[in-house]
Amino acid sequence: MAEGLVDGTVPPLPPRYRFRDLVLGDHYAEGEDRVRVEFYINERSFKERLQLYFIKNQRSSLRIRVFNFFLMAVSCTLYCVRVILDDHRHIACHGCTPKNFSNTTENWWGLLWVNRPVWLWALQVSIAIIMLFQTVLMLYLQHKGNICQQLMSITRILEFLNTIPFIITLFWPPLRNLFIPVFLNCWLAHAILKNMLNDLNRALQRSQSAISRLSVILLSTLVCLAFTSICGVEHLERAAPGVDGKMNFFQASYFVIVTFSTVGYGDIQVNVWPSQLFVAIMIIAALVVIPIQLEQLAFYLLERQKQGASYSKHRAASEKHVVVCATCIQADLIMDFLNEFYAHPHLQDYFVVLLSPVELDNTMRLLLQIPIWSQRVIYVQGSALRDQDLQRVRMDDAEACFILSPRNVMDRHEADQQTILRTWAVKDFSPNLPIFVQILKPENMFHVKFADHVVCEDEFKYALLANNCLTPGTSTFVTLLIHTLRGHEGSDSDSQWMRMYGRSSGNEVYHITLGDSKFFGEFENKSFIYASFHAHKKYGVALVGVKKDEEDSEIQLNPGPKHIMQASDTCYYFNITKEENSAFIFADSDPEKEREHKRKDSKSSLHNEPSSSSKIHSIIASVGTLAIEYYHHGATRQHGAPTESRSDLLSRQSQSQETQEGNHNAVDTQEQGSMAIELQERRANDPAREALVTGKPSTSSGRNLLIPPAGEEERVPGRRRPSILPVLEIMSSDPEDEETGITFTAEKVETEVDGDIEDIKVWDAKNESDWMKGYPPVAPYIGYTPMFSHLLANPRKLCCLELDQPCSHSNHHCARDYNWPNNSIIVAVESTAPGLYNFIVPLRAHWRPKHTLKPIVIMVEKRPDTVFLESIAAFPLVYYMIGSIESLDDLLRAGILQADTVVVVDRESSKLAEEDYMADACQVVAVQTMFKLFPSSTIITELTHPSNMRFMQFRAKDYYALKLAQKQKLSFVHAYLKGKLKSNVKGKREKERGANLSYMFRLPFAAGNVFTASMLDTLLYQSFVKDYMIIFTRLLLGLDQAHGSGYLCEMKITTDDLWIRTYGRLYQKLCSTTFEIPVGIYRTQMQSDSKSELSVTIDDDDQSSTCLSEERAALAELVRSKMKKLGLPESDYDAEATEKRSALSYVLINPGFDTKLELDDVIFIIRPAGGPNASSPMPPRRKYSTRRPKTEGEKREEPQGSMDTRL
């Protein structure tokens, strides 16, 4: 055998291992011995079978206990019957002659003998025989150890006391009238009832709470005490002298109830000392037994209160509910969920079940006691990993399950691991349940990809911060979109900007099928651009995206003019409310309202008489697609009026702008979700309209304002005549479309210069040749979807990534040594994480021109790992350095003087603060220091708690900010009291409690300079109603790239663009030329503006001004000394830079068609797709590089025929 193994051959099988044996198993030969083993043979004995039936088997033992309980109840009932039928005058043994007793002496024989009829005796004897037989049988079956110990138990003594005397009467008839305390069987029934409750739970497998069990036992104890006292008092009073001194059963019951209730009327009393002693003993027993039972019940009640309630099966069958699972129930987290969840009208009848393993804190207990939440929110303490707890919340019957991650945790990976396990447990328990998961780290997302909706906090956070660097106010724009607001916020304010900002904040994303829509139904078989412009012009809604009714189709943001709208397309639009809640009111349908509008128009025309631009403004709005401006060479003012320069016209427009502000805003919305849309009746005989179409001047007005004043072309030679082309139903790339029937004198737009062959003179030629577009070669984490981006053909060495450390390939010591043509972006983090990759990708998106890319400097406190550095090495102009924002030297080396934006990311280590709201102390103080040292820098800060944003760029004498804060407090108190009063009225307009965003009017938030990750929580909550919100937001922020989908970008209004005047005309110009769709405005009002409400923000007394100047001089000296030490030129630091406190910035989402444009307005636009896999639908246009060297005083010319972006 050993030789065979050594030689590598397989030894032969023994003879008995044949092929049949190998296939069919081992078969013994006929001559071999075989032994069959049978198991559990001992349980088949007579005793074991009895034990199995009476004790072990749950169902059979339960039946036996129910039968025994019935026997005990019958025996007690027979005792009561005997008492009622008893005759006190015949007191003697069975068959004996009754004795006569005097009425003054006690009849002690009455305690021994009773009058028991024969039929009653027969029934009691039968019950006694059954009970005695069962008692002996149970002693036999349960016999273990000492038999005397079992015989001396209270239960056995009572059983023998109430059964053996009856058995004896069978053999000695005189004892048939012997008194036997059968009423004590109630305590045996009490013991049987407790065992029945246990067997009932085990046999029927029904979960019964300890509180209900204790309540039944307590009630049973009270009944047994009362019944024993009644029967005992009644029997002992039989010895009272005379017949009148004896008590019947009813009198005994009355006496016991009055005595035990401590009332004690005294009308009935006991007469003999045994009964008095018995009553005293029963009172003492009650004082001992009942408090013990009550203590146990109170203990379980407190524990039950801590563990929360259970959602019953009957409620789950008739009501709708959602389950929210979280590690800890934080008041801010839950209130954000409840406010957003119940903001939708059709969710008012839903119930929210909170499942958490931790106990509620006092704050959360108080919140859940508010009537509006106490009737809707149910708290259950338990774990999502236990099936019993999932059954308690009826997870199978729930409409959805939200699994939330804690906000303020130090170890975010551990929090994600707990979230992943909860998600797996819920999916295993209820596979078909929709799951909404909130994850913190993007590298953990692939574990929960099976969930219906997943929101990664770091992924969205960094993408939002990145977009905020290029498009200011993006964080505020997106936050307002994903929060449910009414548009009434700020309506009672005295500030014009608060009214406009609050009204536009009510815009949300809605969807509707085009065939079912009144907004877009008329645009079937027309281009997307045409539908978007005319829907905004007619109804005030912004059509921004579409989804085809095809398999595997995706949402497309602004697919461009090549997309033809079909009846089955799903339209996505911005509006105050959805179309189903809108009312369409035409002006000609209500004569009184029409007359009112005429009076308002006439009044507004009187106020604007010095400037006739308002008339043309309304004319252009009515003409819409045919609004055209011509520049005629040598044109003069009609009727001999003198010429007027463009600058004078702009000056006059700015003077009347404040008066016209209230007349050209967006249409106000009606109350309670309905929107009044008024369509102005067009007048065919309007001479101004005729002038627009024919090009002839109008005789009704002093001058055709569409014709620029003479001599303007001479002042700016070579300038193209501006025009607004009509938005065609089916677009073509040629700006001159023969179908319009109008000949445009404007020249064709020049051919676009390809982005890959741009004239780049500043970039190093060697480095420029290494640039390319493609997908990053290294994925930062598992599950990441590569994005088409600007890349380097040859990734840089890791040593070249460190900004301030020279290496063999570079000798730079600070950011200034690199001599970048564009200002940089600094992002300060505590440690690098894979989520930071999503900050870089949107800034290196393929559609951004190369010359606009800004260098990115990552200032990190801990040295990044190699994996992260390898993932960013392929991106151009991305660097890192070891440093902190608390160090002035690090800020100067990072190039804060050459930076456009500084992004300060929240520190994870700050979550260890003893006071929860102190977690932002480090960031707030550091940012305040940066703001004092570098007042001209734009700083975007991420905070943990939204309430701390009031400390951003804090100044004690900023009276305007203090006034807004005071107004916010009063509004919050008013909304809270209003909610408290209306919470008791069912279905009473619950959304009117106030805005869900208590910080929306804080100046840092309105300007987009502060951000908290909690702002993204509502994105997950809204997905329950709008399942497309996550995908829509990812496309908007550039986290995903869909085929044919556009992207969010910006354009800035300059002095050369003020001739457009209104947002509606800009909408038309963009749609007709570059096919871009504007969706909002980022507006900034400066302190120097006379209309600004910030003109008194700082105390102007001499002492404060002097102190402020001295402080700035000292800070400037400190910065210059540091720069001198680092070898930086001191001329880079502008000590005279003014603080940005004089500027007030805010966001207007989907402003009205007549909203006036102001200088330096930043327009949010969605540019059509032109990605790597689809040809760009945009018409040709020239790209002008901002990197071309300029001579001193030279002004860059822009083509007037196409509104190009200039940032």
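Side notes on the structure shown:
- Residue within the stretch 769-781 that is modelled with pLDDT under 85 and among the charged types (D, E, K, R) present: yes
- Considered as a group, the residues in the stretch 1044-1086 that are among the small types (Gly, Ala, Ser) and surrounded by fewer than 24 Cβ atoms within 10 Å (Cβ to Cβ) include one that is nearest to Thr474 (Cα to Cα), and that residue is Ser1045.
- Any pair with Cβ under 7 angstrom, 6 or more apart, that starts in the stretch 175-202 at a residue that is closer than 23 Å to Ser60 by Cβ and ends at one that is assigned to a helix (DSSP H, G or I) and among the aromatic types (Phe, Trp, Tyr): Ala189/Phe69; Ile192/Phe69; Leu193/Phe69; Met196/Phe69
- Condition check for Tyr530: farther than 23 Å from Asn467 by Cβ and in contact (Cβ under 8 Å) with a residue 24 or more places away in the chain: yes
- Within the stretch 879-912, tally of residues that are among the polar types (S, T, N, Q) and without any contact (Cβ under 8 Å) to a residue 60 or more places away in the chain: 3
Table: residues versus (1) of a type in the set (Phe, Trp, Tyr); (2) part of a loop (DSSP other than H, G, I, E, B); (3) touching a strand residue (DSSP E or B) at 6+ places or on another chain (Cβ under 8 Å).
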position: Trp820; (1), (2), (3): yes, yes, no
position: Ile826; (1), (2), (3): no, no, yes
position: Gly835; (1), (2), (3): no, no, yes
position: Arg848; (1), (2), (3): no, yes, yes
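- Hits in the stretch 531-553 (condition: of a type outside the set (Asp, Glu) and part of a loop (DSSP other than H, G, I, E, B)): Gly540, Val541, Lys548, Ser553
- Positions within the stretch 483-525 being more than 27 Å from Gln1085 (Cα to Cα), open to solvent by 40 Å² or more (accessible area, probe 1.4 Å) and touching a residue at least 40 places away in the same chain (Cβ under 8 Å), in sequence order: His511, Thr513, Gly515, Lys518, Glu524, Asn525
Quick grid of which residues meet (1) within 24 Å of Leu390 (Cα to Cα); (2) within 15 Å of the chain's Cα centre (by Cα):
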residue	(1), (2)
Asn432	yes, no
Phe436	yes, yes
Ile439	yes, yes
Lys449	yes, no
His453	yes, yes
Phe460	no, yes
Leu470	no, no
Thr479	no, yes
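- Enumeration of residues in the stretch 483-513 that are modelled with pLDDT of 90 or more and of a type in the set (Val, Ile, Thr): Val509, Ile512, Thr513
- The set of residues from the stretch 256-275 being over 60 Å from the mean Cα position of the chain (by Cα) and open to solvent by 70 Å² or more (accessible area, probe 1.4 Å) comprises Tyr265, Asp267, Gln269, Asn271, Trp273.
- Hey, Thr135 closer than 19 Å to Asn68 by Cα and within 60 Å of the chain's Cα centre (by Cα) or not: no
- Candidate set from the stretch 492-527 (those that are part of a strand (DSSP E or B) and not acidic (Asp, Glu)); member that is farthest from the chain's Cα centre (by Cα): Ser527
- Inside the stretch 104-131, residues that are within 26 Å of Ser275 (Cβ to Cβ), aromatic (Phe, Trp, Tyr) and open to solvent by 40 Å² or more (accessible area, probe 1.4 Å) make up a count of 2.
- Scanning the stretch 523-542 for residues being charged (D, E, K, R) and within 15 Å of Asn558 (Cα to Cα) gives a total of 1.
- Unmet criterion (only one of (1) outside any helix (DSSP H, G or I); (2) closer than 24 Å to Ser1014 by Cβ) for Ser310: (2)
- Residues (open to solvent by 20 Å² or more (accessible area, probe 1.4 Å) and either within 17 Å of Val905 (Cβ to Cβ) or in contact with a strand residue (DSSP E or B) (Cβ under 9 Å, 6 or more places away or on another chain) (or both)) located in the stretch 850-876: Lys854, Glu861, Lys862, Arg863
- Every residue from the stretch 333-356 that is of a type outside the set (A, V, I, L, M, F, W, C) and buried (at least 17 other Cβ atoms within 10 Å of the Cβ): Asp336, Asn339, Glu340, Tyr342, Tyr350, Ser356
- Unmet requirement for Ile885, which otherwise passes all of (1) touching a helix residue (DSSP H, G or I) at 6+ places or on another chain (Cβ under 7 Å); (2) more than 21 Å from Lys1122 (Cβ to Cβ); (3) part of a loop (DSSP other than H, G, I, E, B): (2)
The values are calculated or read from the model by the stated rules, or taken from the named source; none is laboratory data. All values reported here derive from a predicted model rather than from experimental measurement. A quick note on method: Cβ atoms are made from the backbone with ideal geometry, for glycine too, and the neighbour counts reach across all protein chains shown. Side chains included, ligands, DNA and RNA excluded: accessible areas come from the protein's heavy atoms. Shrake-Rupley method; radii C 1.70, N 1.55, O 1.52, S 1.80 Å.
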